[in-house]
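Enquirer: This is the structure, below, for whatever I ask next.
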Amino acid sequence: MTVSPLVATALVGVGGALGAASRHWVGLRTEGRRSILLVNALGSLALGAVSAAPIGSTAALGLGVGFCGAFTTFSSFAVETVRAASETGNRAAAVVAASNIAVALVAFLLGSLLVTGVFG
Amino acid sequence: MERTPYGFLLVSLGGFLGAVARHAVDVGVGGVLAAVWSGGGPTVLGGTATGAGTLVANVAGSFALGLLLTRASGDRTRLFVGTGALSSFTTYSTFVSDAVALGTPAGAWYVAVSYATGFAAAALGLAVGGRDR
């Protein structure tokens, strides 16, 4: 099914607004670097599930590209990693960088496997 | 400010714009690549998973956020542009999804290149923003 550009924009935008607000909510309750790792892990788990789920491209745009895309963040992660390097040293920065990709990768595959297990 | 409904509204509006802009970059870069290569690749969420669009958004957004955090004066700007728009313009979940879709070894290279250019961009943004202050 093809989604018209206007509908796609609305879906991605509304998903993005909700994703950003949810990330902000998590950020108010968890300290900086931990909150980034948390949203990136949860968002990757959700995207893994969305990618494997038998849903249409309309839902995938809103939930996947919009919500999961905006709930997780690369820019805050990159800035925090650079700051960790200058404040605490390269070792701390390496821990931030490695933990994000390791945890998010496992979360994504787990989300995908869980949904495949349910629907497959 | 950041805990108020107004703060959440600013973040949401920024998030709307950031996500839409990321999607536009992804579609735009994907279109250019498709025209150049005219070959198929692995597909993710209806698009071709080269990861190129996500990489462009992540690197540009990391530079801009570094710049903003050293220059932005008010809470409103930080919430709307930083937490809202730039953090939503960039993405980690789609980045991981693209890396998985690319498989090995391309996916590992994709992560390495994204990390190297993303960190360099953030450091540059922080350095440029922090200069002459």
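Just so you know, all these numbers are worked out from the coordinates, no wet-lab data involved. These numbers were taken from a predicted model, which means no experiment stands behind them. Virtual Cβ from ideal backbone geometry, glycine too; neighbours counted across all protein chains shown.
Enquirer: What size of dipole, in debye to the nearest 20, comes out for the range A:5-119 about its Cα centre when the only charges are +1 on Lys and Arg C-beta atoms and -1 on Asp and Glu C-beta atoms? Kindly include the intermediate steps, with their values, before the conclusion.
Expert: Numbers: 6 positive and 3 negative charges, 29 e Å.
Roughly 140 debye for the range A:5-119.
Enquirer: Further, regarding this structure: Along each of the three principal axes of the Cα atoms of the protein assembly as shown, give the extent in whole Å, ordering the values from largest to smallest.
Expert: 53, 40, 38
Enquirer: Angle check, please: helix B:52-71 long axis (alpha carbons) against the longest principal axis of chain B (alpha carbons), in degrees 0 to 90, nearest 10.
Expert: 10 degrees
Enquirer: Follow-up question, since we're still on this one. Under the rule of -39500 (n - 2.57) per DSSP H run of 4 or more residues, summed and divided by the residues of the protein assembly as shown, what mean residue ellipticity at 222 nm is obtained, to the nearest 500 deg cm²/dmol? Display every interim value, and only then the final one.
Expert: On the way: 9 runs with 181 residues, N = 253.
Value at 222 nm, helices only: -24500 deg cm²/dmol.
Enquirer: So what J values fall out for the range A:31-43 if you push phi through Karplus, 6.51 cos²θ - 1.76 cosθ + 1.60 with θ = phi - 60°, rounded to Hz, Gly and Pro as x?
Expert: 3J(HN,Hα) across the range A:31-43, in whole Hz: 5, x, 5, 5, 5, 5, 4, 5, 5, 5, 6, 5, x.
Enquirer: Output the peptides B:119-129, B:65-75 sorted from most to least packed, where packing is the average of other Cβ atoms within 10 Å over each peptide's residues.
Expert: Order by mean packing, descending: B:119-129, B:65-75.
Enquirer: Here is a further query. Mind checking which of A:Pro5, A:Gly32, A:Ala20 is farthest towards the positive end of the range A:5-119's charge dipole, using Cβ charges of +1 (Lys, Arg) and -1 (Asp, Glu) about the Cα centre?
Expert: A:Gly32
Enquirer: If one takes the longest principal axis of the Cα atoms in chain B, at what angle in degrees, from 0 to 90 and to the nearest 10, does the Cα axis of helix B:5-37 lie?
Expert: 30 degrees
Enquirer: So, R0 is 25 Å and r is the distance between the beta-carbons of B:Val32 and A:Ser4; what FRET efficiency does that work out to, to 0.05?
Expert: Result of the calculation: an efficiency of 0.70.
Enquirer: Compute, for chain B, the length of the dipole vector about the Cα centre, with Cβ point charges of +1 (Lys, Arg) and -1 (Asp, Glu) only. Units Debye, rounded to 20.
Expert: My answer is approximately 340 debye.
Enquirer: Let me ask something additional. Hey, what angle do you get for helix A:5-29 against the long axis of chain A, alpha-carbon based, 0 to 90 degrees rounded to 10?
Expert: The angle comes out near 40 degrees.
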